[in-house]
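Written below as C-alpha cells is the structure these notes are about.
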Amino acid sequence: MLIALKSMANGKFVCAENAGAKSLIANRDAVAEWETFDLIDLGNNRVALRAMVNGKYVCAETGGADPLIANRDRVGQWETFEKIPVAPGRYAYRALANGKYLCAENGGTLPLIANRPKAGQWETFEEIAVRGKMFAPDVHGFRFQNDGFKNDVFPALNIQTDALCGGMSYAALDYYFLNIPVPDQPFRPASNTALRRYLYDRQVESLTSNLDKWAEVYLNPFGARNTEFFNWGISAGRIGEMRQFIDQGKPCVLCLKSVGDLGHQVIAIGYKLGRYKCDLGPYLEDFEIYVYDPNRAGVVRTYIADRSRQVFCPKDQPDVQYRTYFVDKNYQVRRPPAVRSTKYPNDELVYEVVLQFATGPDDLRGGNDNVDLVVVLADGTQQTYRNINLNARWGPGSNEFAQIVLQRAVRKDQIRRLIVSTTFGGGISGDNWDMSALTVYFLGGSFFQSRKSVGGKRFTGDDKVLTIAL
C-alpha cells in the first residue's frame, strides 16, 4: 500500500521536500507525489519508507543525529524503523539507528528527526492509504478460475491441452497496463468466444516467448539438478530480477516448474524478504512472494520457499510443489478484445441464462452438429437461440459454458421450461453426444446462482430433445 503520513503535532502531511533533495517535514495540507511513500514490511514490526517522488529510502541520517531524508538506494540499519501502534491507524516510529522515536520537531515547523526517548503527540503519525501500489487480484484479476479448460489442439486426433494459466496471466496484465476493466463474468468463457480465443492465443505466446527458459528448467535428469534449481529461486540474482519489476510498481509473470511434469504461471505483485539476505543463508522462512494466481480468483496468494523439501509452494496448499521459477522478461502488452459486460441493473430480473454442460465419452462434434435452446416463458411466449455452442467441438471429458443473453429480461419465476435440442442428422454419418450433466444458472444485476441441475442424456439422430422444467 502507498501511504501518506499525517503528523498529530499539526495535522499536516509529511513531505519529501524539494522532490526528496531536502529533509522530510510535516508541512503539507494535501497529498501529492512528494507526500506519498511506499510502506515496506520488513518483518518483526519493522518497516522501511520509500519516497515515491524519487524512489529513495528514508534514512535517519548520520545514525539519527541529523533530520530524516529520502536519499538511500537500499535498506540498512539507518533506513529501518520499528512501527509501534499508538491508536487505531496511528503509529510511532522508532529508528533502528539509535533507538529514538521520529519527531515532528517544534510541532512540525522543523524537519523530522529521530531524537525522542518516548512517544507523545509530536511523535505520533496517522497512516492514510493513498492507493494500492500494485495489481490487486480482486480488482484486476478475472472472476473465474483456471479450472475445467479443455483446449482443442488437434480435434481429429482428440488432442487437447488443459488450463490457461499463462493466458490468464498475460491477459490480466494486458487489461491492467492498458487501464481497461477486466471482464466481469463469473464463469469461464465458452469455446469460440472472443475472450476464450484471446486467452488461448496469449497462453501460446506465454510459452513460445520463453521456450529457452522452459527447456532449461525441464532439463533435470533423474532430479540431478534439484538443489541447483531450488537455489536459483532463492538467490540474489533470481529474486533481484523479480524485484526490478515490483520495486518499480510493475507486476510481472513468474513461470513455475512443478516437481512433476507440469508448469504454472502466476503474476508476482509483491514480496517480503524480512531477515533473509538472498544469500542462500539463514532466515529463508521470512521470504514470501505475493501473487495473483489464476487458480484462486480474487485473492492474494502467498508462495514460500521450503528448504527442507527444496520446493516452492503456496502457503495455503503446501502439497502443491514447484521445483523452481523464473521471471518472464519477454511479456509484451497486447490490446484485448471488447467483451460484453455482465453488469446489469439490480432489479432482480434475469438478463442471462448460463448453461454448464459436461460431456461424457462421446463428444459434441460442432461444425454442423450443434445445440439449440428454447426458453419458454409463463405467458406462453418463447425465445429461441440457435447454435449456443458457437460451432465449437466439446471434447470427451470437457466442461463448457454456453452464455445466452435473453432477448428480453424477465423475472426468475417467468422462466418455466428450457428445451435443449441438437441439429444432428440420422444415419451412419450422424453425430451422437453424451451429455453427462447440465447445470442451469441465472445471471442478473445482483446474483449469479444455480437454478437447476439435471443428469445425463445421450443425444442421437433419433433422440434430439431434452425438456427441462424449472
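Computed from the coordinates by the stated procedures, all read-outs in this text should not be read as laboratory data. Since we're looking at a predicted model, the values are computed, not measured. So basically every Cβ, Gly included, is an ideal-geometry build from the backbone, and we count neighbours across all protein chains shown.
With 28 Å as the limit on Cα-Cα distance, the pairs of 56/257; 83/277; 100/277; 12/83 that go past it are 56/257. Contact order for the chain, expressed relative to its length and based on alpha carbon pairs under 8 Å spaced 6+ residues apart, stands at 11 percent. In terms of Cα atoms, the Rg and Dmax of region 349-469 work out to 14.2, 48 Å. Neighbour counts of other Cβ atoms within 10 Å put 287, 142 in the fewest-to-most order 287, 142. Listed by chain and number, the aspartates and glutamates whose alpha-carbon sits under 12 Å from that of residue 343, ignoring those within fewer than 8 places in the same chain, are 184, 352. Region 371-418 to region 278-338: how many Å between their Cα centroids? Cα centroid to Cα centroid, the span is 40 Å.
In what order do 313, 59 fall by count of nearby beta-carbon atoms within 10 Å, going from fewest to most? Let's see the in-between values first.
Working: 313 19, 59 26.
Starting with the residue having the fewest Cβ neighbours, the order is 313, 59.
Seen from residue 313, the other residues with C-beta closer than 15 Å to its C-beta sum to a net charge of +1, counting Lys and Arg as +1 and Asp and Glu as -1. Dipole magnitude for region 357-470: computed about the Cα centre from +1 point charges on Lys and Arg Cβ and -1 point charges on Asp and Glu Cβ, it is near 500 debye.
Which of the pairs 150/315; 6/315; 213/250 have their Cα atoms more than 32 Å apart in this structure? Going by Cα-Cα distance, 6/315 fall outside the 32 Å limit.
Other residues within the sphere of radius under 12 Å centred on the Cβ of residue 360, judged by their own Cβ, net out at -1 (K and R +1, D and E -1).
Only helices enter the 222 nm calculation for the chain: every DSSP H run of n ≥ 4 contributes -39,500 (n - 2.57), and dividing by all residues gives -3500 deg cm²/dmol, rounded to 500. The HN-Hα couplings worked out from phi for region 220-225 by the Karplus form 6.51 cos²θ - 1.76 cosθ + 1.60 (θ = phi - 60°) are 8, x, 6, x, 5, 10 Hz, whole numbers, x standing for Gly and Pro. Computed over the Cα atoms of region 2-131, the ratio of the radius of gyration to the Kirkwood radius (Rg/Rh) comes to 0.91. Each label was represented as a point 7 Å from its Cα along the Cα-to-Cβ direction; for residue 467 and residue 413 these points are 2.3 nm apart. Seen through its C-alpha gyration tensor, with square-root eigenvalues sorted a ≥ b ≥ c, the chain comes out prolate because a/c lies at 1.5 or above while a/b is bigger than b/c.
Note down the net charge around residue 431, summing +1 for each Lys or Arg and -1 for each Asp or Glu among other residues with Cβ under 13 Å from its Cβ. Can you show the working numbers first?
Working: positive: 365, 393, 458, 464; negative: 362, 363, 369, 434, 462, 463.
Residues near residue 431 contribute -2 overall.
Dipole magnitude of the chain about its Cα centre, charges +1 at Lys/Arg Cβ and -1 at Asp/Glu Cβ only, in debye to the nearest 20?
Values: 56 positive and 52 negative charges, 110 e Å.
With only Lys, Arg, Asp and Glu charged at Cβ, the dipole is about 540 debye.
Semi-axis lengths, largest first, of the ellipsoid equivalent to region 1-44 are 18, 13, 10 Å, with √(5λ) applied to each eigenvalue of the Cα gyration tensor. For region 457-465, putting each phi into the Karplus relation 6.51 cos²θ - 1.76 cosθ + 1.60 with θ = phi - 60° gives couplings of 8, 9, 8, 9, x, 9, 9, 10, 10 Hz, in residue order, rounded to whole numbers and with x for Gly and Pro.
With charges only on Cβ, +1 for K and R and -1 for D and E, what is the dipole size of region 2-131 about its Cα centre, in debye, rounded to 20?
Result for region 2-131 is approximately 200 debye, rounded to the nearest 20.
Karplus-derived 3J(HN,Hα) values for region 30-41, using 6.51 cos²θ - 1.76 cosθ + 1.60 with θ = phi - 60°, are 9, 9, 9, 5, 5, 9, 10, 10, 8, 8, 10, 7 Hz; glycine and proline are entered as x. For region 156-258, rounded, prolate or oblate, judged on the Cα gyration tensor with a ≥ b ≥ c (square roots of eigenvalues), a/c < 1.5 rounded, else prolate if a/b > b/c? Since a/c reaches 1.5 but b/c is at least a/b, the shape of region 156-258 is classed as oblate. A dipole drawn for the chain from +1 and -1 charges on Cβ atoms has a positive end, and of 168, 206, 448 the residue lying farthest that way is 448.
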